[in-house]
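Participant: Take a look at the following structure, please.
The values are calculated or read from the model by the stated rules, or taken from the named source; none is laboratory data. Computed from a prediction, not measured in an experiment: that's the story for all the values here. When we count neighbours, we look across all protein chains shown, and the Cβ atoms used for this are built from the backbone with ideal geometry, even at glycine.
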């Protein structure tokens, strides 16, 4: 009995003192340790400190006049393709069609080939390359690694449509790195 009364007194003293003391009786704690039954989610963020962020909307164009000045009123009207081959070794002919203002001499464009319309099976952009002979010159540092996005400038007087081929698995003769 005395031992029980002593324990109660020790607990009451611990509460009165205002601390959370671990009172032991015969080597056993009165308060058992606990652990959380959940884990908090972790979030991380980082600031961009190098490189270039592009916010350009795809499927845009700019027409240039005889004097090299930009003209207003250029629009990408459609992107279509014809394709052939077996998955992994396919080729597609892409046609980017424009509406240009009167007096247009050349066109620059920024298009997303994923928006092209036609019937097609599966296609992988992982190793795709634009085949040599494309009717455009890459611009703004564009490379095949950025496919299906294409940024280029058509040759002079090529203002209604631009044609080029894309090989799914690259190929020996490509127009980009």
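Participant: Against the condition within 24 Å of the chain's Cα centre (by Cα) and at pLDDT 95 or above, how does residue 81 come out, does it pass?
Facilitator: Numbers: within 24 Å of the chain's Cα centre (by Cα): yes; at pLDDT 95 or above: yes.
In short, yes.
Participant: Follow-up question, since we're still on this one. Working carefully through the options 64, 163, find the one that is surrounded by fewer than 19 Cβ atoms within 10 Å (Cβ to Cβ) and part of a strand (DSSP E or B). Outline the logic, then answer.
Facilitator: Values: 64 fails: surrounded by fewer than 19 Cβ atoms within 10 Å (Cβ to Cβ).
Among 64, 163, only 163 is surrounded by fewer than 19 Cβ atoms within 10 Å (Cβ to Cβ) and part of a strand (DSSP E or B).
Participant: Does any residue in the range 57-77 that is in contact (Cβ under 8 Å) with a residue 60 or more places away in the chain and at negative phi come within less than 7 Å, Cβ to Cβ, of a residue that is surrounded by 17 or more Cβ atoms within 10 Å (Cβ to Cβ) and not in a strand (DSSP E or B) six or more places away or on a different chain, and which pairs are these?
Facilitator: Listed by first residue and then by second, the contacts come to 63/74; 63/100; 63/159.
Participant: Do we find a residue being under 22 Å from the mean Cα position of the chain (by Cα), within 24 Å of residue 62 (Cβ to Cβ), modelled with pLDDT of 95 or more and in a helix (DSSP H, G or I) anywhere in the range 102-114? Steps first, please.
Facilitator: Taking the range 102-114 and keeping what is under 22 Å from the mean Cα position of the chain (by Cα), we get 109-114.
Next, from what is left, pick out any that are within 24 Å of residue 62 (Cβ to Cβ): 109-114.
Keeping just the survivors that are modelled with pLDDT of 95 or more gives 109-113.
When the remaining residues are screened for being in a helix (DSSP H, G or I), the result is 113.
Yes, some residue in the range 102-114 is under 22 Å from the mean Cα position of the chain (by Cα), within 24 Å of residue 62 (Cβ to Cβ), modelled with pLDDT of 95 or more and in a helix (DSSP H, G or I).
Participant: Could you count how many residues in the range 127-148 are surrounded by fewer than 16 Cβ atoms within 10 Å (Cβ to Cβ) and assigned to a strand (DSSP E or B)?
Facilitator: 1
Participant: Hey, another quick one. Quick one: how many residues across the range 84-111 are under 13 Å from residue 165 (Cα atoms) and crowded, with 18+ Cβ neighbours inside 10 Å?
Facilitator: 4
Participant: Something else about it: So residue 59 ticks every box in (1) under 17 Å from residue 163 (Cβ atoms); (2) touching a helix residue (DSSP H, G or I) at 6+ places or on another chain (Cβ under 8 Å); (3) at pLDDT below 95 but one. Which box is left unticked?
Facilitator: Going through (1) under 17 Å from residue 163 (Cβ atoms); (2) touching a helix residue (DSSP H, G or I) at 6+ places or on another chain (Cβ under 8 Å); (3) at pLDDT below 95 one by one, residue 59 breaks only (3).
Participant: Restricting the range 121-176 to residues that are modelled with pLDDT under 90 and out of contact with any strand residue (DSSP E or B) (no Cβ under 9 Å at 6 or more places or on another chain), which is nearest to residue 79 (Cα to Cα)?
Facilitator: My answer is 122.
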